[in-house]
Amino acid sequence: MSKPARMVATSHQLSLAAMEEASRTGERTADLEHLLMALSLSEQPAGQVLRGLGVSLTALREAVAHQREAELGLLGVEIMDAAQQRIVFHETGGYEWSDRAMRVLDKVSVGDGGPSAVLLALLEEPSGRVEQVLARLGVTPEQVGDRLADAAGVVPDQARFTRTDRAITRTSQAFIPAPVAEVWALVADPARLPEWDLNVAEVEPAEGGPWVARTRTRTPDGKEVRLGQGLEYQRVELLAQKDSSRAEWRFRYPERPDLNTRLVALALEPAAGGTQLKISFAWELTGQRPRRPLRMVTGWIMRPAMRFALWMQAAQVASSISRVFR
């Protein structure tokens, strides 16, 4: 992945996760602590370092809550114990970064731009906010920095893009904060597809094995989705599954055989604090026309956009699965 693409990917992933975390407590401004929470979910070395030091998402949520309680206590404000809240980011709007979080992101935009660079910038942020939160977990910025330095030579698995005459495919990695058994129970159950596939509203069993899925007509925030002709229902098949470690799904529109078929393969491995998820997102090219020189040139020009679109779709799957367990 090129540097600009890596920066866009990092910004998207961290922004989404941080603002989701802010939405849990009714906030519309994502601050330094939300950015730290987002980093704790990264599949990259920055996330692995944090989780290895015990700085998990659950631990951070508790530490941030206690830090805020202590700060309000100094002002004579007592807060009631809040019940577990859910992420409502996709159902609401009006989210933004705080000024100091924006300064951190601006700082790394002129450098590497990856999660490790963002974490280092957080450790150096002058307000001391991140240091205070880490202290509640018995961790110092120096410990985090040393672990990051040790991990500097580790090359993370790279996302891959491939194209053949039959399919275009994008693979990527994600960390899910739940045990493999729980993640498997989600991704291998057709009835639970609506929990993580934003295209599916509900699933009904179909005679003969495959299932019928009704396509969503509204987004989580209530906006109407206009569907083209023949896109109201999808045929869903579980092509393969292996020992609670791999599930492969196929989605196609039976009334529109001219459209490409969507394939989603999910491979699960145990990881410290949760599950490492490998996603393979592909479009099977159906009804392809003969390849002409002009079309081949156009396809080459459009390849970066195609890569980014596939990455976004794979990232959306990863985010949706992660959100179920948060």
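The values are calculated or read from the model by the stated rules, or taken from the named source; none is laboratory data. Note that the structure is a prediction, hence the values are computed from the model and not measured. Positions of Cβ are generated from backbone atoms using ideal geometry, with glycine treated the same way; all protein chains shown enter the neighbour counts. Just the protein is used for accessible areas: all its heavy atoms, side chains included, with ligands, DNA and RNA removed. Shrake-Rupley method; radii C 1.70, N 1.55, O 1.52, S 1.80 Å.
Of the candidates Gln229, Gln234, Gln241, the single residue that is open to solvent by less than 60 Å² (accessible area, probe 1.4 Å) and not acidic (Asp, Glu) is Gln234.
Against the condition in contact (Cβ under 8 Å) with a residue 24 or more places away in the chain and open to solvent by 40 Å² or more (accessible area, probe 1.4 Å), how does Leu259 come out, does it pass? So Leu259 passes the test.
Within segment 117-143, being of a type outside the set (A, V, I, L, M, F, W, C) and touching a Pro at 6+ places or on another chain (Cβ under 6 Å) holds for one residue alone: Glu131. Pairing each residue of segment 89-106 that is among the hydrophobic types (A, V, I, L, M, F, W, C) and open to solvent by less than 50 Å² (accessible area, probe 1.4 Å) with any residue that is assigned to a loop (DSSP other than H, G, I, E, B) and at pLDDT 90 or above, provided the two are 6+ apart or on different chains, yields C-beta distances under 7 Å for Phe89/Tyr95; Ala101/Asp31; Val104/Glu125.
Of the residues contained in segment 27-36, none is found to be closer than 20 Å to Ala178 by Cα and in contact with a Pro (Cβ under 9 Å, 6 or more places away or on another chain).
Take the residues of segment 210-226 that are touching a residue at least 60 places away in the same chain (Cβ under 8 Å) and not polar (S, T, N, Q): which is surrounded by the fewest Cβ atoms within 10 Å (Cβ to Cβ)? The residue in question is Gly222.
Is it fair to say Met312 is in a helix (DSSP H, G or I), over 19 Å from the mean Cα position of the chain (by Cα) and either at pLDDT 85 or above or of a type outside the set (D, E, K, R) (or both)? Criteria not met by Met312. Residues in segment 109-127 that are free of Cβ contacts under 8 Å to residues at least 24 places away in the same chain and open to solvent by less than 20 Å² (accessible area, probe 1.4 Å): how many? Residues in segment 109-127 being free of Cβ contacts under 8 Å to residues at least 24 places away in the same chain and open to solvent by less than 20 Å² (accessible area, probe 1.4 Å): 1 in total.
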